[in-house]
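To start, the structure under review is shown below, and the notes come after it.
The values are calculated or read from the model by the stated rules, or taken from the named source; none is laboratory data. Quick caveat, the model's predicted, so the values are computed rather than measured. Cβ atoms come from the backbone with ideal geometry, glycine included; neighbour counts cover every protein chain shown. Side chains are part of the model used for accessible areas, which takes the heavy atoms of the whole protein and leaves out ligands, DNA and RNA. Shrake-Rupley method; radii C 1.70, N 1.55, O 1.52, S 1.80 Å.
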Amino acid sequence: MLDFGMININTQWNHILHDVQSDELNSFVSRVYDSSVVFPKREELFNAYNLTPLDNIKVVILGQDPYHGVNQANGLAFSVKNGVKIPPSLQNILKELVDDIGCSMPKSGDLTSWANQGVFLLNSVLSVEEAKPASHQNCGWEELTDKTIEGISQNCENVVFILWGKPAQKKYRLIDTTKHLILTAPHPSPLSSYRGFFGSKPFSKANKFLQEHSIEPVDWCF
């Protein structure tokens, strides 16, 4: 059973995550938060799960690991706290949003409004040490997020999975393509965004699929 002290995950996830080998992960989380500066805050670790319960999921956007700067990460992939400078990858996501849907350019990088509408903003790794990107890879998070993606695929219908970049696309194998839509593109990082991320139109394609299956589309503009 997952038990991170005062941190709770919405109980809808219990039957999906119940067999995650949690002792090692629980021990790791306790140790790193007690001994170093880790993002997001401990109480925000499972914001994605709690803001977007399993039966609300329409779209999954998969990131790699949280932002590693002070006050950036808020427990949602690619999102930053309100008032924080928008990181380059998120700037590119928002540029594509404007070009694809016609939204006005958002002034905030807080994607909570997406999460509240059923956009599950999941990182493959849920924590990171300050100023050390990818520092918590291969510490147990991947098993949990693999189980999460697999559980969504098995328990939900007609979900759009948006996989940006090769690390996210490794989870392609966990998704049943006979009942879900998978959209792939290069990562929105400035290093790769011009290799096919721009112009990939993930937001309009996601909404088109949802509407074709009589699901209310996401209001991506905020």
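Sort out which residues of region 98-113 are charged (D, E, K, R), open to solvent by 60 Å² or more (accessible area, probe 1.4 Å) and either without any contact (Cβ under 8 Å) to a residue 60 or more places away in the chain or in contact with an Asp or Glu (Cβ under 6 Å, 6 or more places away or on another chain) (or both), and write them in order of number. Before the answer, list the steps.
Quick first cut of region 98-113, residues charged (D, E, K, R) only: 99-100, 107, 110.
If we keep only those that are open to solvent by 60 Å² or more (accessible area, probe 1.4 Å) too, we end up with 99, 107.
Matches in region 98-113: K107 only.
Does A168 meet the test of being among the small types (G, A, S), surrounded by 14 or more Cβ atoms within 10 Å (Cβ to Cβ) and touching a residue at least 40 places away in the same chain (Cβ under 8 Å)? Steps first, please.
Numbers: among the small types (G, A, S): yes; surrounded by 14 or more Cβ atoms within 10 Å (Cβ to Cβ): yes; touching a residue at least 40 places away in the same chain (Cβ under 8 Å): yes.
Against the criterion (among the small types (G, A, S), surrounded by 14 or more Cβ atoms within 10 Å (Cβ to Cβ) and touching a residue at least 40 places away in the same chain (Cβ under 8 Å)), A168 qualifies.
Quick one: would you say S79 is of a type outside the set (A, V, I, L, M, F, W, C), closer than 19 Å to N116 by Cα, within 18 Å of the chain's Cα centre (by Cα) and at pLDDT 95 or above?
Working: of a type outside the set (A, V, I, L, M, F, W, C): yes; closer than 19 Å to N116 by Cα: yes; within 18 Å of the chain's Cα centre (by Cα): yes; at pLDDT 95 or above: yes.
Here the answer is yes, as S79 does meet what is asked.
Which one is nearest to S36 (Cα to Cα), of the residues in region 108-141 that are part of a loop (DSSP other than H, G, I, E, B), within 13 Å of the chain's Cα centre (by Cα) and among the aliphatic types (A, V, I, L, M)?
For region 108-141, the residue satisfying everything is L126.
Only one of (1) free of Cβ contacts under 8 Å to residues at least 40 places away in the same chain; (2) touching a Ser or Thr at 6+ places or on another chain (Cβ under 9 Å); (3) closer than 28 Å to I215 by Cα; (4) surrounded by fewer than 17 Cβ atoms within 10 Å (Cβ to Cβ) is not met by K95, so which one is it?
(1)
Find the helices (runs of 4 or more DSSP H) located wholly in region 7-107 whose residues include 3 or more that are over 23 Å from G151 (Cβ atoms), and list them. Even if it seems obvious, please write down each step before you answer.
Numbers: elements: 14-17, 22-35, 47-51, 88-101.
Answer list for region 7-107: 22-35, 88-101.
Take K201 and decide whether it is in contact (Cβ under 8 Å) with a residue 60 or more places away in the chain and of a type in the set (K, R).
Details: in contact (Cβ under 8 Å) with a residue 60 or more places away in the chain: yes; of a type in the set (K, R): yes.
Judged against the criteria, K201 is a match.
Six or more apart or on different chains, Cβ atoms under 7 Å: show the pairs whose first residue is in region 19-30 and surrounded by fewer than 12 Cβ atoms within 10 Å (Cβ to Cβ) and whose second is of a type in the set (D, E).
As it stands, the answer is Q21/E143, since those pairs meet every condition given.
Take the conditions modelled with pLDDT under 95, assigned to a helix (DSSP H, G or I) and small (G, A, S) and apply them to A206. Does it pass? Write out each step before concluding.
Working: modelled with pLDDT under 95: no; assigned to a helix (DSSP H, G or I): yes; small (G, A, S): yes.
Spelling it out, it is not the case that A206 is modelled with pLDDT under 95, assigned to a helix (DSSP H, G or I) and small (G, A, S).
When the residues of region 79-92 are narrowed to those that are touching a residue at least 60 places away in the same chain (Cβ under 8 Å) and crowded, with 19+ Cβ neighbours inside 10 Å, which ends up nearest to P167 (Cα to Cα)? Outline the logic, then answer.
Restricting attention to region 79-92, the residues satisfying the condition of being touching a residue at least 60 places away in the same chain (Cβ under 8 Å) are 88-90, 92.
Among the residues that remain, those that are also crowded, with 19+ Cβ neighbours inside 10 Å are: 89-90, 92.
Values: S89: 15, L90: 17, N92: 18 Å.
Among those residues, the one meeting the criterion is S89.
Out of the residues in region 153-171 that are out of contact with any Phe, Trp or Tyr (no Cβ under 7 Å at 6 or more places or on another chain), at pLDDT 95 or above and aliphatic (A, V, I, L, M), state the one that is farthest from S124 (Cα to Cα).
V159
For the subset of region 149-164 comprising residues that are open to solvent by 10 Å² or more (accessible area, probe 1.4 Å) and assigned to a loop (DSSP other than H, G, I, E, B), which member is farthest from L210 (Cα to Cα)?
Ranking the qualifying residues of region 149-164, first place goes to C156.
Conditions (1) open to solvent by 10 Å² or more (accessible area, probe 1.4 Å); (2) within 19 Å of the chain's Cα centre (by Cα); (3) modelled with pLDDT of 95 or more, marked per residue:
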residue	(1), (2), (3)
R173	yes, yes, yes
I182	yes, yes, yes
S193	no, yes, yes
F197	no, yes, yes
E212	yes, no, yes
I215	yes, no, yes
